[in-house]
1. What strands (runs of 3 or more DSSP E) completely inside segment 90-130 contain at least 1 residues that are more than 21 Å from Ala157 (Cβ to Cβ)?
2. So which of Arg230, Arg225 ends up being over 34 Å from the mean Cα position of the chain (by Cα), surrounded by 15 or more Cβ atoms within 10 Å (Cβ to Cβ) and farther than 22 Å from Tyr294 by Cβ?
3. Quick check on segment 49-65: of everything there that is in contact (Cβ under 8 Å) with a residue 24 or more places away in the chain and assigned to a loop (DSSP other than H, G, I, E, B), which residue is surrounded by the most Cβ atoms within 10 Å (Cβ to Cβ)?
4. Of everything in segment 169-191 that's part of a strand (DSSP E or B) and aliphatic (A, V, I, L, M), which residue is surrounded by the fewest Cβ atoms within 10 Å (Cβ to Cβ)?
5. List the pairs whose first member sits in segment 209-220 and is in a loop (DSSP other than H, G, I, E, B), whose second member is charged (D, E, K, R) and buried (at least 17 other Cβ atoms within 10 Å of the Cβ), and whose Cβ atoms are under 6 Å apart, counting only residues at least 6 apart or on separate chains?
6. If a residue has to be under 26 Å from Leu407 (Cβ atoms) and part of a strand (DSSP E or B) to count, how many in segment 283-302 make the cut?
7. Kindly check whether there is at least one residue in segment 95-107 that is loosely packed, with under 14 Cβ neighbours inside 10 Å and among the polar types (S, T, N, Q).
Amino acid sequence: MIGGMRVLGIGLAAALSSATASAETLPWIDAGDVPLPQSARSVETLRRDEPLRTRPDASAPRRGSAAISALLPLYGARRGPGCHGRWFLVGPTAWVCEDHVELSTATPLAAGAGGDVFANGLPLRYHFVGPDGSFGYHKLRLAEEGVPDAQLEPGFAIAILQEANKSYRDTFGLTTKGIWVPMRDVHPVREFRFRGDEITNGELAVGWVFVDEAPVYKKPRGIRRHGERRSKLERLIVLETRKLGKQHWYRIGESRWVSAKHVRVPELVEPPAEALAGERWIDVHIATQTLTAYEGKRPVFATVVSTGKGKGKSELATPKGVHRVWVKLRTSDMSNLEDEGANRYYAIQDVPWVMYFKKGYGLHGTFWHRQFGRVRSHGCVNLTPLDAQRLFHWTSPRIPAGWTAALPTDYDPGTIVRVR
């Protein structure tokens with residue numbers, strides 16, 4: 001329980017404690033039903049990713065999901081199919097069944113609490129499994145004393161919630177999946193603080209080096225400036241663009257030019273026809289491996305990405321076209337363990353800041369490589385953790401406080417993502 005006592009289900013005790021309550025205490029309460037306790041201020045979830053429905057009906061479409069122990073605001077209650085208790089209204093067109101939650105006297109999460117921001121862009125503590133692999137156990141006291149409950153292959157990524165010592169020398173970490181893993185078998189993910197560029201003047205005049213070192217030239221196709229280079233993912237201000245033959249050149253200073261062979265520069269484009277005037281939308285340009293976020297015709301953010309390494313309509317290619325975000329998840333597991341033809345298996349738990357825009361293709365944070373500016377993914381649009389976090393809180397549908405996922409509605413449609 002967080003911040004206050006629990007108010008157990010709606011029954012005789014609840015009725016007695018609120019004898020003077022009426023159906024008008026909160027809106028959308030069935031007339032003649034047992035009143036809610038007047039002290040109830042929020043709804044606490046008891047399970048991970050508790051389903052939220054668009055109507056008080058178990059067969060209604062999903063609206064999203066809530067985190068375990070989240071304190072959601074209480075707006076009303078109704079009886080409905082698929083729930084032994086009542087359905088509680090906890091957000092805009094968001095209903096949760098009483099069977100798996102409890103009423104609480106605690107103050108609900110503040111409206112802005114859903115926009116949590118992490119200095120490194122990572123909402124969890126991520127680790128990679130070492131070269132020898134590892135085993136996992138449901139119970140710490142039985143760890144490494146019996147048959148393991150899980151096997152983790154080398155290179156798999158896990159998220160650690162807490163650590164505990166079983167003995168003076170053996171430390172285990174509890175993963176988000178409820179498995180205890182020996183910490184000696186894993187190593188933490190290195191932080192990566194790269195972030196894209198905030199565009200404040202409406203001018204898209206920025207670029208980034210995507211090779212290890214980019215030579216600087218005195219003029220296009222000219223001689224190199226001795227000892228002058230730009231480092232990988234270094235930000236450059238583009239002062240002038242020139243095309244010679246099929247090659248673009250960018251001036252970044254007085255008599256200082258770099259080649260498009262070494263840098264990624266986004267280009268200013270018009271909104272897709274599907275975008276409303278002033279609507280937020282995202283442009284992903286495969287040729288330049290860049291992403292630009294717009295508000296109407298005005299760019300507000302740009303960065304480098306890694307799109308799918310496949311071509312055409314291959315499963316490993318990022319699907320071109322105009323799409324809309326159809327679901328946002330704070331984290332989502334990704335793997336190819338069911339692909340019997342895979343050359344190499346991978347499994348990454350709790351990939352952060354996921355915005356799916358076509359089936360299983362989406363934008364998301366990436367901590368397992370740093371090859372941004374190059375094609376690299378299995379079809380998704382890879383972003384650095386800080387860039388993904390920034391876009392996650394900017395795109396729609398909005399994720400209310402305490403939610404782990406949200407699907408769009410008519411009044412909060414998914415952000416347009418154009419891939420070209």
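The values are calculated or read from the model by the stated rules, or taken from the named source; none is laboratory data. Bear in mind that the values here come from a model prediction, so they are computed numbers and not experimental data. With ideal geometry, Cβ positions are generated from the backbone for all residues, glycine too; neighbour counts draw on all protein chains shown.
1. The strands (runs of 3 or more DSSP E) meeting that bar are 94-97, 101-104.
2. Only one candidate qualifies: Arg225.
3. Out of the qualifying residues, it is Pro56.
4. Restricting to residues being part of a strand (DSSP E or B) and aliphatic (A, V, I, L, M), the top hit is Leu174.
5. Qualifying pairs under 6 Å: Phe210/Arg264; Asp212/Lys232.
6. Pass one, segment 283-302, residues under 26 Å from Leu407 (Cβ atoms): 283-284, 291-296, 300-301.
Subset that is part of a strand (DSSP E or B): 283-284, 291-295, 300-301.
Qualifying residue count for the region: 9.
7. yes
Table: residues versus (1) in contact with an Asp or Glu (Cβ under 6 Å, 6 or more places away or on another chain); (2) touching a residue at least 12 places away in the same chain (Cβ under 8 Å).
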| position | (1), (2) |
| --- | --- |
| His226 | no, no |
| Ile237 | no, yes |
| Lys243 | no, no |
| Lys246 | no, no |
| Arg251 | yes, yes |
| Trp257 | no, yes |
| Arg264 | no, yes |
